[in-house]
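Following: one structure in structure tokens, then a few remarks.
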Amino acid sequence: MDLSNVYFVIGSAYAGKSTLVSNLAKKHDAIELNENYHNEKLSELDSKEFPNLTYTRDLKDWHDFIRRTPDEYVTWINNVKKECETVELDILKELLRDPKVKGKKIFVDTNISIETLHSISAEDHVIVMLSDPQISVSRFFDRPDPEKQFLYKLMLEEENPQAALDNYRKILTRINSKENYDKLENSGFKVIYRDENSSEEETLKLAEEIFGI
């Protein structure tokens, strides 16, 4: 693939990735592939080939989703990322074949791994966005998006809601671990740190400088 017009944003939760990708796409009249863009292919996936991605698609009782142990959840998340990478790269390939896309910039909020990005993309076409891991955990359910509020509602329906919430916070702590944070911070790509005192416009300008656009 010719990825000269493709710009990737990776990073931790609550770092502003989706907002940045949307703002870049709007300003530059570009194509936006935002968080979980692999979902457009979800209905087509074979559960034998993509057992982790199709787990939620085929789930009968969503309470089973939140009842998993931190070990089970983290293993699932890691396997989901691997499967996402395959699907997301296929979507990019299809998109880049479209004549209407030729010459347009593409901004991507992606699950593609650091290792793969180093092998397929120029260093100045990738930005890592990071937020304090503790904020990602403590403010997870403060966010208004439907997915997080749906999970929160499920936990409140459990026989012991507090135990369900505590279990999920343990999961979030594992996902947002210092080890994962350090890996992203030391990825070799330029980093933007979430700063509550910075405006969206300032973050946008910083990203443009890193991307050279």
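The values are calculated or read from the model by the stated rules, or taken from the named source; none is laboratory data. Keep in mind it's a predicted model, so treat the numbers as computed, not measured. Every residue, glycine as well, gets a Cβ built from its backbone with ideal geometry; the counts of neighbours run over all protein chains shown.
I'd like the full set of residues that are free of Cβ contacts under 8 Å to residues at least 60 places away in the same chain and either closer than 17 Å to Ser18 by Cα or in contact with a strand residue (DSSP E or B) (Cβ under 8 Å, 6 or more places away or on another chain) (or both), limited to region 142-151.
Correct list: Asp142, Pro144, Asp145, Pro146, Glu147, Lys148.
Residues of region 23-38 being in a helix (DSSP H, G or I), surrounded by fewer than 17 Cβ atoms within 10 Å (Cβ to Cβ) and either within 12 Å of the chain's Cα centre (by Cα) or free of Cβ contacts under 8 Å to residues at least 24 places away in the same chain (or both), which ones?
Lys26
State all residues of region 155-213 that are surrounded by 12 or more Cβ atoms within 10 Å (Cβ to Cβ), under 20 Å from Leu20 (Cβ atoms) and of a type in the set (Ser, Thr, Tyr); if no residue qualifies, say none.
Tyr181, Ser187, Tyr193, Ser198, Thr203
With the requirement that a residue be assigned to a strand (DSSP E or B) and farther than 21 Å from Ser177 by Cα, what does region 1-22 give you?
Val6, Tyr7, Phe8
When you check Ser187 against the structure, is it farther than 13 Å from Pro133 by Cβ and among the small types (Gly, Ala, Ser), yes or no?
Answer is yes for this residue.
Mind checking which residues of region 1-22 are among the hydroxyl-bearing types (Ser, Thr, Tyr) and in contact with a His (Cβ under 7 Å, 6 or more places away or on another chain)?
Tyr7
Among the candidates Ala13, Ala25, which residue alone is among the aliphatic types (A, V, I, L, M) and at pLDDT below 95?
After ruling out the rest, the residue left standing is Ala13.
Give the number of residues within region 141-165 that are acidic (Asp, Glu), more than 21 Å from Ser12 (Cα to Cα) and not in a helix (DSSP H, G or I).
Within region 141-165, residues that are acidic (Asp, Glu), more than 21 Å from Ser12 (Cα to Cα) and not in a helix (DSSP H, G or I) number 2.
Given the options Thr75, Thr56, name the one that is modelled with pLDDT under 95 and over 19 Å from Ile114 (Cβ atoms).
Sole residue among the options that is modelled with pLDDT under 95 and over 19 Å from Ile114 (Cβ atoms): Thr56.
For region 41-140, which helices (runs of 4 or more DSSP H) that fit wholly inside it have 1 or more residues that are touching a residue at least 40 places away in the same chain (Cβ under 8 Å), surrounded by 17 or more Cβ atoms within 10 Å (Cβ to Cβ) and of a type in the set (A, V, I, L, M)?
Ranges flagged: 63-66, 70-97, 114-120, 133-138.
Has region 6-21 got at least one residue that is at positive phi and of a type in the set (Phe, Trp, Tyr)?
Yes: region 6-21 contains one or more residues that are at positive phi and of a type in the set (Phe, Trp, Tyr).
In this structure, is Glu202 farther than 27 Å from Thr116 by Cβ, free of Cβ contacts under 8 Å to residues at least 24 places away in the same chain and assigned to a loop (DSSP other than H, G, I, E, B)?
Spelling it out, it is not the case that Glu202 is farther than 27 Å from Thr116 by Cβ, free of Cβ contacts under 8 Å to residues at least 24 places away in the same chain and assigned to a loop (DSSP other than H, G, I, E, B).
Can you report the number of residues in region 89-111 which are of a type outside the set (A, V, I, L, M) and under 22 Å from Leu204 (Cβ atoms)?
Qualifying residue count, region 89-111: 6.
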